[in-house]
Each structure stands twice: as C-alpha cells, then as structure tokens.
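Data block below; observations after.
The values are calculated or read from the model by the stated rules, or taken from the named source; none is laboratory data. As the structure is a prediction and not an experimental result, all values here were calculated from the model. Glycine also receives a Cβ, built like all others from the backbone with ideal geometry; neighbour counts cover every protein chain displayed. Ligands, DNA and RNA are excluded from the accessible area calculation, which covers all protein heavy atoms including side chains. Shrake-Rupley method; radii C 1.70, N 1.55, O 1.52, S 1.80 Å.
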Amino acid sequence: MTRIRTIPRRPYENVAVAVPVSIPYVRYSVESAHWWIARALGELTKRAGLAPADIDGLSVSSFTLSPDTAVGLTQHLGLSPRWLDNIPMGGASGVVALRRAARAVEAGDATIVACVGGDANQVDSFRKLLSSFSRFAQDASYPYGYGGPNGSFALLTDHYMRHFGARREDFGKICVDQRTNALGYPHAIMKKPLTMEDYLGARAIADPIHLFDCVMPCAGSEAFLVTTLDIARDLGLPHARLAATIERHNAFADDPIQMRGGWAMDVDELYAMAGMAPDDIDLVETYDDYPVIVMMQFEDLGFCKKGEGPDFVRSHSFTNDGSFPQNTSGGQLSAGQAGAGGGYLGLVEALRQVTQTALSKQVPDARTALVSGFGMINYDRGLCSGAAILEGVAP
C-alpha cells in the first residue's frame, strides 16, 4: 500500500493574538457557564473598542455548557458569526482554538475571532462531570471503584518516578515556584505561600499524589482575540504574532504507560516553523494539572532529553525572575482550574507577558513565549496535546 507523504504545516504569515481577558476565578458559583463566557466576551469587546457585531468568528470551549454548544450560545448572546467552532478538548482547547481561528483569519473566513473557554463550578459539578467524562473511563476504571484524574495521574507519576529517578522534592519544586508566581497574580485562587515542607507534609490523595499535586476545580473564564496584524495595529491593541503551532491526538498509542505526549512527535516542526530554537524562548506556560506532566513537557518540548526532566528541574528556578520562567501566573496548580478555561490560562498569561501587560510579575525583557496544552485524560492517558509560540510585536 502506498503511504501518503504528510504535507508540512504552513507558517502563519499575518496572524495577531490580542486582548487577553481573565474573569476572576471563584471556588464555587451558582452562575452558569453561559454567564461566565458572556462576561469574558463582554470584556473582550469593551477592551478592544468593538461592538458585538464586529466579532464575526467565535470559538468556545466548556464542559458545563451542556445541553448547549457554541451554536446555542450564539442565540443566548445575540451573536451572528460567519465562522463558528466548538473545541471539546479540555486542557488543549486554548491552543487548538488559536490554531483553527488563525487559519480562519488567514483564509478570510473570519476577520476577528473571539476564543473563549470557561466553566461553572457548583458544589457537585466536578463529580457529575467525572461520572460521564468518557466511555473508556466508564468501562475500564469506574467499575473497579475508582475514577477521575487523581488515580490516573498517580499511576503515571509512580511509573515516571521509578523509571527516571524523580523524587517528590522535584515535583515539589515545580509547585513551590509556581505558588511564588501566583502570589503576584491578582486572580489566583491560592493566596498563601507554599514551602517545600508544606508540600511534602500534605495529606496523600492517591499515592504518590498528595494534596498540592492536584489542581483545584473552580469557576471562571479566559479569552483572547485572533485577527490580522494590520487590524490589531489599526485598533491600537498590544498584540503578539503567532509564530508557530502544533496539534496531535492519541499519540504513541502503543506505549503501555504514558511517558510522553504528542509534542514529541511534532516539536521539531514547531521550532522550524517559528524559525527558533528552545534557547530563543523567554518563558514557558505548560499545562499543569499535575506536576509530572509539566516535567514531561520540559522533555517533549526540547528543553531537555527524555528522562532528564528531574535533573532539569533541579538545575533551574521557575519563578518569573528565575533561570527558566514557567507558568508565570502560578499555573492551574495555584491559580485554579476553571474547567476548559484551564486550557486557556497559560495562553492568556503568555500573551500578557510578551506584550508587556502582565498582571503578574513581568518577566524581564520577555518577547517570546511557548504555550503547551494537554487534555482529555481517559483512564490511562491524555489524548490531546498542542503547543504554540507567540512573539510580542513592538508598538
């Protein structure tokens, strides 16, 4: 059988990303996902100086919008976009939404696309979400009395520690440094300093996962605009150029235990498209529902080789003024996880940093940022991965 040669991804020529919006998170809320998403869209148009009718593209990510999807939301909010997308990919949603919105703008299918991710979180929301998250989880793990990501990531973390010699202190360093970053971010859910002693002494959740290895579900929303460089300039918006993106699903399906994500398949193409190398990146925003996946991303995104993640962590500091600024608003482990909005958190923060409009502590001379996404954990692995490189444009 003839195998078709894969066509390389085309570079982005004229795509701007602008107007980073975060609606402050709360632990619980009686408001619907519609309310949170509407607040983000309202803030987008207000800050961009646009009317709702100027938004002719819309991309939405939400776990709790049901029974609606993006198309139902258009009627709720009185919008009439000529391009519409619904991205149900959890922590990869922000990068995937950016990729698809960028191609729509390049093709002329939309002029200004609003990308928004957000979720409600009532007292019982997370349990209900897990009960119907995926057929794999329902069939393969729930009958045995365990479900949800804590157990899955406990297995991945335990295997990674045994195979590569990672210690709890290594994961703790990621969490502690991210908490330091969160203390400078006004919207972070976690407001107290975290010490290594606190981290190591926290109660066990699912061995070797302890309390501060786990994200805190909350309610909130994140959003940004995608348009052309010319339009962003004409509107006077601080913006970044989209330099490169990748996306991959169900990567390395034959691996019996997940120790790498789809980034490892496409990372060379990511840097080649951007005309950059890992050393050219000023800050990194990794998806961080658990610290083990952060360490995997350091490896799979080319900052160190596979298995060198523990040594990489031991030799770097991850605060905003450290040797490797990472998750500069605290990431989900300290800022909170607003459902699918968690997949947008790093992208929104990276956009602020490279446009010198950070709400957290500004990374000195930040111009380039790499953002990665990871989502849809089934009973044994995450299925979706993506990454993007943003480059700040001088005003």
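Based on what the data block shows, is S323 outside any helix (DSSP H, G or I) and free of Cβ contacts under 8 Å to residues at least 60 places away in the same chain? Let's see the steps before the verdict.
On the way: outside any helix (DSSP H, G or I): yes; free of Cβ contacts under 8 Å to residues at least 60 places away in the same chain: yes.
Criteria met by S323.
Kindly list, by first and then second residue, each pair from a residue in segment 366-380 that is farther than 16 Å from D300 by Cα to a residue that is of a type in the set (F, W, Y) and open to solvent by 10 Å² or more (accessible area, probe 1.4 Å), limited to pairs with Cβ atoms under 6 Å and residues at least 6 apart or on different chains.
Filtered contacts from segment 366-380: N378/F136; Y379/F136.
Within segment 241-263, which residues are of a type outside the set (V, I, T), farther than 16 Å from V95 by Cα and in contact with a helix residue (DSSP H, G or I) (Cβ under 8 Å, 6 or more places away or on another chain)?
Passing the criteria: A251, F252, Q258, M259, R260.
Take R27 and decide whether it is of a type outside the set (V, I, T), under 30 Å from M190 (Cα atoms) and loosely packed, with under 14 Cβ neighbours inside 10 Å.
Values: of a type outside the set (V, I, T): yes; under 30 Å from M190 (Cα atoms): yes; loosely packed, with under 14 Cβ neighbours inside 10 Å: yes.
When the stated conditions are applied, R27 passes them.
Got a number for residues in segment 37-73 being part of a loop (DSSP other than H, G, I, E, B) and either among the aliphatic types (A, V, I, L, M) or more than 21 Å from the chain's Cα centre (by Cα) (or both)? Show your work before the answer.
Going through segment 37-73, the residues part of a loop (DSSP other than H, G, I, E, B) turn out to be 49-51, 55-56, 62-69.
Within this subset, residues satisfying the condition of being either among the aliphatic types (A, V, I, L, M) or more than 21 Å from the chain's Cα centre (by Cα) (or both) are 49-51, 55-56, 65-68.
So the count comes out to 9.
Residue check, L79 against (1) out of contact with any strand residue (DSSP E or B) (no Cβ under 9 Å at 6 or more places or on another chain); (2) open to solvent by 30 Å² or more (accessible area, probe 1.4 Å); (3) not aromatic (F, W, Y), all met but one. Which one?
Status for L79: all satisfied but (1).
If only one of D289, D280 is over 24 Å from D198 (Cβ atoms), in contact (Cβ under 8 Å) with a residue 60 or more places away in the chain and of a type in the set (D, E), which one is it?
Criteria check complete, one pass: D280.
Does any residue of segment 226-236 turn out to be buried (at least 20 other Cβ atoms within 10 Å of the Cβ) and part of a strand (DSSP E or B)?
yes
Going by the conditions given, is R5 over 24 Å from G339 (Cβ atoms) and among the basic types (K, R)?
Values: over 24 Å from G339 (Cβ atoms): yes; among the basic types (K, R): yes.
The answer is yes for R5.
Tally time: how many residues in segment 356-395 are open to solvent by less than 20 Å² (accessible area, probe 1.4 Å) and in contact with a strand residue (DSSP E or B) (Cβ under 6 Å, 6 or more places away or on another chain)?
Going through segment 356-395 one residue at a time, the tally reaches 19.
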